[in-house]
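Inspection log for the structure reproduced underneath, given as structure tokens.
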Amino acid sequence: MLNTKKLLLGGILPLYASMLCAQQTKQPNIVLINIDDYGWADLTSNGSDYYETPNIDKLKSDGVWFNEAYAGAANSAPSRACMLTGMNTPRHGMFTVANSDRGKATTRRLIPIENRRILEDGIQILPQVLKDAGYQTCHIGKWHVTNDPTQNGMDINIAGSHAGHPATYFAPYRNKKLKDGEKGEFLMDRLGSEAVNYLQNASKKKPFFLYYAPYEVHTPLQAEPHLIAKYKNKKGTKAHNNPVYAAMIEAMDRNVGKVLAEIKALGIANNTLIVFTSDNGGVYNISKQWPLRAGKGSFYEGGIRVPLIVYQQGKYEHREIKHIPVAQLDLFPTFLELADISTKKRTLDGKSLVSLLNKKEKAYKERPLFWHFPAYLEQGNAETHDPIFRSTPVSVVRKGDWKLIQYYETNTFELFNLRSDISEKKDLSNIEVAKTEAMKSLLSEWQQQVNAPIPTQLNPKYVQ
């Protein structure tokens, strides 16, 4: 007769435990969705009565919504560089898009720090780290940080280069990294279909990393005529009223939904981590981010606070995390922890979000967030600090509810309490003097720690 007890203890139970352990430690697939110039307030479920985003809204409801999440910079290339390297701007040297001396020379008081336009060879970058750990990797859409993603760990590249925006959203695309479809094919639908196709054909033997970074909703403003007509007939608001931009958002949402639906259809949702975010705030003259101040290019909240949703079916669901500032810099260490990849001997300025995702807020120690922008961005507006520039050279620190901005042109500071003043209307630097000095010291210590280059040379072409 079989010794049932012996069989259970010595055979079946250990085998079952081993199988269970293997399932629990299996590296997750990772789908990182990074939308371009999509503002924090551009979701229907986060304040817009004009735009329609049913798929993103459902993802927000299903997943974990980080209400106070930040990009590493206020415009595209440096933001993407921060997220993909896990390092802040002084460490990789990409501070802005193109040259750092943008705007008229006569309006710039300082000589800005020279900008690095592509990441240097050999720098740590997320897809390469994941590939070295056994992941298959794919990039679809906008890359913008080097000339060729396949030289930085991507097995497959579709449409990605150093370009920051498409020449057009309708074929022929004039994109050397994307074969043209039929004349008039819509880029958003094409890239969404490419993502679905990759999901269907990815090897089931290895985990995959899909970086789906479609060019939308960056300019040029182009959309399908029937959707433009729909929004022309819909009443807008003071903040949101551009029918072409609204049509682009709906098309973007439709294709995000297509990707999410395919993950479920393939039966891999339980082991696929989905992250949805944007590289910076919305463009102020196209879409206001109220109650946030200003927009893309500014280091007020409208330029750097972004949507962030993390979802894994059956694991990270149905929560909203408020009053805990997090950053896209945190995604690199988060992915590594979830994939059981060591962070030792890596320079990482972010902090893993796994404890927060696992509902262990008490175990998560908050830390300050920093930004450094020793450059100029033209095209200021009514809500920027300078009406000529979206940003002059600045450094920023946020700790808890407090945010301090240092302006290098004038060596002046602004202090805001974001819990009571999300719109950054009341500068408290001359009222909360002790807090201002404490934040200044914190910022100064960080600048020294990362060797942040400070612009100090006066511009001889400046005209007062």
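The values are calculated or read from the model by the stated rules, or taken from the named source; none is laboratory data. Everything numeric in this text was worked out from a predicted model, so none of it was measured. For neighbour counting, all protein chains shown are included, and Cβ atoms are generated from backbone atoms with ideal geometry for every residue, glycine included.
For region 168-210, which positions are under 25 Å from residue 225 (Cα atoms) and without any contact (Cβ under 8 Å) to a residue 12 or more places away in the chain?
Hits for region 168-210 are 172, 174, 179, 180, 181, 182.
What number of residues within region 128-167 satisfy the criterion of being under 25 Å from residue 222 (Cα atoms), touching a residue at least 24 places away in the same chain (Cβ under 8 Å) and in a strand (DSSP E or B)?
Matching residues across region 128-167 total 4.
Could you count how many residues in region 435-464 are among the aromatic types (Phe, Trp, Tyr) and under 11 Å from residue 90 (Cβ atoms)?
Keep residues of region 435-464 that are among the aromatic types (Phe, Trp, Tyr), which gives 446, 462.
From what is left, the residues that are under 11 Å from residue 90 (Cβ atoms) are 446.
Of the residues in region 435-464, 1 are among the aromatic types (Phe, Trp, Tyr) and under 11 Å from residue 90 (Cβ atoms).
So if I check each of 443, 415, 428, 404, which one is farther than 25 Å from residue 290 by Cβ and either assigned to a strand (DSSP E or B) or not basic (Lys, Arg) (or both)?
443
What number goes with the only condition from (1) under 15 Å from the mean Cα position of the chain (by Cα); (2) over 20 Å from residue 217 (Cα atoms); (3) outside any strand (DSSP E or B) that residue 73 does not pass?
Answer for residue 73: the failing condition is (2).
Which of the residues spanning region 346-395 are farther than 28 Å from residue 322 by Cβ, in a loop (DSSP other than H, G, I, E, B) and either of a type in the set (Gly, Ala, Ser) or not assigned by TED's automatic domain parsing to the domain that holds residue 321 (or both)?
Once the filter is applied, which keeps residues that are farther than 28 Å from residue 322 by Cβ, in a loop (DSSP other than H, G, I, E, B) and either of a type in the set (Gly, Ala, Ser) or not assigned by TED's automatic domain parsing to the domain that holds residue 321 (or both), region 346-395 yields 374, 375, 379, 380, 381, 382, 386, 387, 388, 392, 393.
Please specify each residue of region 259-280 satisfying the condition of being surrounded by fewer than 16 Cβ atoms within 10 Å (Cβ to Cβ) and in a helix (DSSP H, G or I).
Residues satisfying the conditions are 261, 264, 265, 270.
Return only the number of the condition from (1) more than 22 Å from residue 157 (Cβ to Cβ); (2) touching a residue at least 60 places away in the same chain (Cβ under 8 Å); (3) buried (at least 23 other Cβ atoms within 10 Å of the Cβ); (4) under 23 Å from the mean Cα position of the chain (by Cα) that residue 231 does not satisfy.
The number of the failed condition is (4).
With the condition kept exactly as written, say whether any residue in region 284-295 is crowded, with 24+ Cβ neighbours inside 10 Å and aromatic (Phe, Trp, Tyr).
yes
Given the condition within 20 Å of residue 272 (Cα to Cα) and of a type in the set (Phe, Trp, Tyr), answer yes or no: does some residue in region 294-309 qualify?
First pass over region 294-309, keeping only residues within 20 Å of residue 272 (Cα to Cα): 307-309.
Going one step further and asking which of them are of a type in the set (Phe, Trp, Tyr), we end up with none.
There is no residue in region 294-309 that is within 20 Å of residue 272 (Cα to Cα) and of a type in the set (Phe, Trp, Tyr).
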